[in-house]
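The values are calculated or read from the model by the stated rules, or taken from the named source; none is laboratory data. Note that the structure is a prediction, hence the values are computed from the model and not measured. In this analysis, Cβ positions are derived from the backbone assuming ideal geometry, glycine residues included, and neighbour counts consider all displayed protein chains. Remember, those area values only see protein heavy atoms, side chains included, never the ligands or the DNA or RNA. Shrake-Rupley method; radii C 1.70, N 1.55, O 1.52, S 1.80 Å.
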Amino acid sequence: MKASLIEQVLGNDIEEVLVAPEDIQVKVRELGQQISADYIDKDLLLVGILRGAFVFLADLIREMGIPVETDFIAISSYGSSTTTSGVVRILKDLDDDIEGKHVLIVEDILDTGLTLNYLVKNLSSRRLASLEVCSFIVKEGKQRVPIKPKYFGFTVPNKFVVGYGLDYAQKYRNLPFIGTLRRSAYEDNGML
Ligand code: IMP
């Protein structure tokens with residue numbers, strides 16, 4: 001069974017599950033319905049931020065009852081693997097011209113907000129019909145810039161979390177829940 005295999009292998013590294021798979025499913029459905037209602041008469045382009053947002057975006061669009069387009073942008077921020085410096089570099093830009101479109105940025109987690117702040121500024125300069133943000137997770141009390149996503153799923157305490165697209169050293173993205181890591185999972189790397 002898939003779930004128990006994940007539990008046995010990756011799940012062993014988890015200290016605490018903060019958001020369970022069933023709660024994720026319910027929340028994604030709610031968000032999908034809310035966004036669909038808000039954009040019912042508009043052409044909506046969802047812009048996923050790689051890599052972390054791909055899991056959430058894939059689930060979200062399947063809960064949406066309106067036609068949507070998707071595109072992805074890949075960015076790297078300078079800094080260690082667990083903190084953001086705010087200096088952001090675009091590794092892969094959007095494939096299509098987005099001028100005149102209603103754009104919704106889809107992000108995995110809002111931590112300091114520096115990455116989103118950069119992206120909002122960057123995309124705003126492209127003459128959009130509208131621009132909003134949907135971040136699945138918002139870390140409590142961590143934002144260093146005044147960014148408030150129009151849509152969000154859950155708030156989590158100020159801890160490093162993995163799962164549902166979120167990684168530590170590129171692993172744990174495939175966990176079906178969001179949780180914190182046991183010390184043993186990262187202490188060999190001397191990080192966090
Ligand atoms: P921000 O610019 O500080 O808001 O960071 C945004 C990016 O940092 C997210 O899109 C994630 O890729 C990464 N990140 C921030 N916090 C976490 C975390 O707790 N777990 C995994 N990745 C994180």
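Quick notes on this one:
- Taken about its Cα centre, the range 58-158 carries a charge dipole of roughly 480 debye when the Cβ of each Lys and Arg holds +1 and the Cβ of each Asp and Glu holds -1.
- Over the chain, DSSP H runs of length four or greater, each weighted -39,500 (n - 2.57), average out per residue to a 222 nm ellipticity of -7000 deg cm²/dmol.
- Per-atom-type breakdown for the chain gives carbon and sulfur 49% of the accessible area (1.4 Å probe, protein chains only).
- Solvent exposure of the chain as accessible area per residue, Å², 1.4 Å probe: 52
- Nearest 10 degrees, 0 to 90: helix 21-38 Cα axis against the chain principal axis: 10
- Taking Lys and Arg as +1 and Asp and Glu as -1, the other residues whose beta-carbon sits under 15 Å from that of residue 123 total -3.
- Normalised contact order of the range 21-156, rounded percent, pairs of Cα under 8 Å and 6 or more residues apart: 22
- Once backbone amide H atoms are built at 1.01 Å from N, residue 131 has 103 as its partners under 5 Å, excluding neighbours fewer than 5 places away on the same chain.
- The phi-based Karplus calculation (6.51 cos²θ - 1.76 cosθ + 1.60; θ = phi - 60°) puts the 3J(HN,Hα) values of the range 159-168 at 9, 7, 10, 9, x, 6, x, 7, 10, 10 Hz, whole numbers, x for Gly and Pro.
- Take the Cα of residue 74, step 7 Å toward its Cβ, do the same at residue 144, and the gap between the two points is 2.5 nm.
- Put a plus charge on the Cβ of each Lys and Arg, a minus charge on the Cβ of each Asp and Glu, and nothing anywhere else: the dipole of the range 118-192 about its Cα centre is then about 300 debye.
- Positive-end extreme of charge dipole, the chain - chosen from 181, 145, 94 (charges on Cβ): 145
- Dipole magnitude (debye, nearest 20) for the chain, charges at Cβ of Lys, Arg, Asp, Glu: 480
- Of the residues 55, 106, 26, the one whose Cα sits farthest toward the positive end of the charge dipole of the chain, with +1 on the Cβ of Lys and Arg and -1 on the Cβ of Asp and Glu, is 106.
- In sequence order, calculated HN-Hα J values of the range 116-129 (Karplus, 6.51, -1.76, 1.60; Hz; x Gly/Pro): 5, 4, 5, 5, 4, 5, 4, 6, 4, 6, 9, 6, 8, 6
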